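Here is the structure we will look at, set down as structure tokens.
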Amino acid sequence: MRPPSFRIAALELAPSRPVHLPERIIRIILPFAIGLCYYIPLITVIPYERWLILGGFMLAYIFPPAGKESVIPLGIAVGFPWWLMAFTIILMDILTGLFMALNFDVALKIPGLGRWIRKFIANGEQFFARRPWLERFYFAGVVMFVMFPLQGSGGIGATLVGRMIGLSPGKVLLAITIGSIIGCTAIALGAEFIKELILANPALGLAVAVLIIGTLAVIYLVYRRKMMARDSLSG
């Protein structure tokens with residue numbers, strides 16, 4: 001069955017009932033509390049300076065243009081274990097998705113973020129025209145959206161995509177979790193492999209890294225040019 005139109009689903013993003021102040025406080029605090037319960041104890045197992053760096057990576061990931069494709073390899077490059085970086089970014093995807101699911105109306109009022117969300121929804125038709133597989137695969141489409149290193153493919157963007165094609169908040173969070181686990185693990189393992197290869201054979205490792213980065217850059221440029229050509233034809 002075809003999912004509801006994003007225009008209809010987008011109107012349903014606001015709370016269906018008034019949220020009273022005590023509940024609102026809990027909704028806002030909960031994602032941050034979970035994040036702090038993870039981050040603060042890490043100071044007991046990693047040096048203070050590295051603890052601060054990890055916190056910086058976590059904050060950087062929330063705001064575009066940083067994405068899992070850049071934050072995870074950078075973290076591994078400066079010495080964090082691959083599994084720690086993967087789990088940290090997975091958690092950030094889940095927590096940002098949780099915040100959006102519980103506080104969409106509040107997020108609309110946050111300077112910068114609210115404007116980005118409104119623009120995202122306003123351009124929904126064009127967004128899905130560029131990515132028809134999102135609607136075609138429905139739940140799996142959101143999973144793939146989170147998996148692939150695309151701008152805005154973290155918890156915030158995936159929440160918007162999922163709700164705009166008619167998924168419930170619970171299904172959106174499940175899709176974000178599955179996609180983030182697969183995507184972050186793959187990126188972390190790939191970055192760890194290249195790091196070990198560079199340490200064992202610097203010339204070969206750097207050659208492989210340049211080849212991968214170059215290939216991804218070409219794919220992105222081709223995709224971007226194709227989208228621009230489509231926009232010019234539709235305009």
Total residues in segment 70-83, condition touching a helix residue (DSSP H, G or I) at 6+ places or on another chain (Cβ under 8 Å) and surrounded by fewer than 19 Cβ atoms within 10 Å (Cβ to Cβ): 5
Among (1) within 13 Å of the chain's Cα centre (by Cα); (2) touching a residue at least 12 places away in the same chain (Cβ under 8 Å) - the single one residue 73 does not satisfy: (1)
Some residue of segment 87-96 being charged (D, E, K, R), assigned to a loop (DSSP other than H, G, I, E, B) and either at negative phi or exposed (fewer than 14 other Cβ atoms within 10 Å of the Cβ) (or both): no
Residue under evaluation residue 111, criteria (1) surrounded by 20 or more Cβ atoms within 10 Å (Cβ to Cβ); (2) part of a loop (DSSP other than H, G, I, E, B); (3) not hydrophobic (A, V, I, L, M, F, W, C), criterion not met: (1)
Sole exception among (1) touching a Leu at 6+ places or on another chain (Cβ under 8 Å); (2) modelled with pLDDT of 85 or more; (3) surrounded by 21 or more Cβ atoms within 10 Å (Cβ to Cβ) for residue 156, by number: (2)
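The values are calculated or read from the model by the stated rules, or taken from the named source; none is laboratory data. A quick note: this is a predicted structure, and the numbers were derived from the prediction, not measured. Note: ideal-geometry Cβ built from the backbone for every residue, glycine included; neighbour counts use all protein chains shown.
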